[in-house]
Amino acid sequence: MPNPRAYCSYCGRLSKRCACHEAGSNLQRFLERGGRSYAPCIRDAPYKRGVPPQVKSAERRHLQKKYKIWYAALAESNGECCANCGETKDLVLDHVLPIAKGGSSRLDNLQLLCTTCNRIKGKLAIDCRRATHRE
Ligand SMILES: [Zn+2]
Ligand SMILES: [Zn+2]
C-alpha cells in the first residue's frame, strides 16, 4: 500500500504531487545529461521550508569564504569535472541539499557541477557523488 506520507527526495513534494517522473521535468533533463535513468527516491519527512533569509545569506557567505578550498578539495577527490555530466569547463560548487531546503555550506553537502547542470538542478536535491565514487 502506498505510504500517504511519502515525499519525493528530489523535489520534496508529497509523492502524489511530484512531477519529477514526467518526461521533460528538470529532474529528467538533469539525469539525462548524466546518462542516468529515473528511479523514484522517497523520504518519509518533508524538507525544511521557509528557511529565513538571514540563514540563507549566512550560508552563502560561508560558502564564498571557503569556496576555493572546497573547490580544490572536491577537484582533488572526484576530479575537476561535473559530477553529473563530466563536463570540465565552467564548474561551480553546488549544494547537494539546497540551502532553501535546509542544506548547509559544508564540504559534505557540496559537489562540483557545470553551470548548465547547476541551472537545471535548481532547488532539487540530487546527490551525484555516490555515482562518482562507485566508478
Ligand atoms: Zn519530485
Ligand atoms: Zn554537468
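Readers should treat all values here as calculations from the given coordinates under stated rules, not as data from a laboratory. Bear in mind that the values here come from a model prediction, so they are computed numbers and not experimental data. Reconstructed Cβ throughout: ideal geometry from the backbone, glycine too, with neighbour counts over all protein chains shown.
Just a few scattered comments:
- Counting neighbouring beta carbons within 10 Å and listing from fewest to most, the residues R119, R36 come out as R119, R36.
- Per-residue Cβ neighbour counts within 10 Å put S25, S57 in the sequence S57, S25, beginning with the fewest.
- Over region 75-135, the fraction of Cα-Cα pairs per 5 Å bin, rounded to whole percents and listed from the shortest bin up, is 4, 21, 32, 26, 14, 3, 0.
- Spatially proximal lysines relative to K89 (Cα-Cα < 26 Å; intrachain offsets below 8 disregarded): K65, K66, K68, K121, K123
- When the chain is treated as a GNM with alpha-carbon contacts under 10 Å, the residue of A83, A73, A125 showing the greatest mean-square fluctuation is A73.
- Dipole magnitude (debye, nearest 20) for the chain, charges at Cβ of Lys, Arg, Asp, Glu: 600
- From least to most packed, judged by other beta carbons within 10 angstrom and beginning with the fewest, D44, D90 follow the order D44, D90.
- Of all aspartates and glutamates in the structure, the ones whose alpha carbon falls short of 19 Å from that of K48, not counting any fewer than 8 places away in one chain, are E59, D94, D108, D127.
- Normalising by residue count, region 1-100 has a Cα convex hull of 132 Å³ per residue.
- Just checking the listed ones, E80, E59, E22: in the Gaussian network model of the chain with Cα springs under 10 Å, the one fluctuating most is E22.
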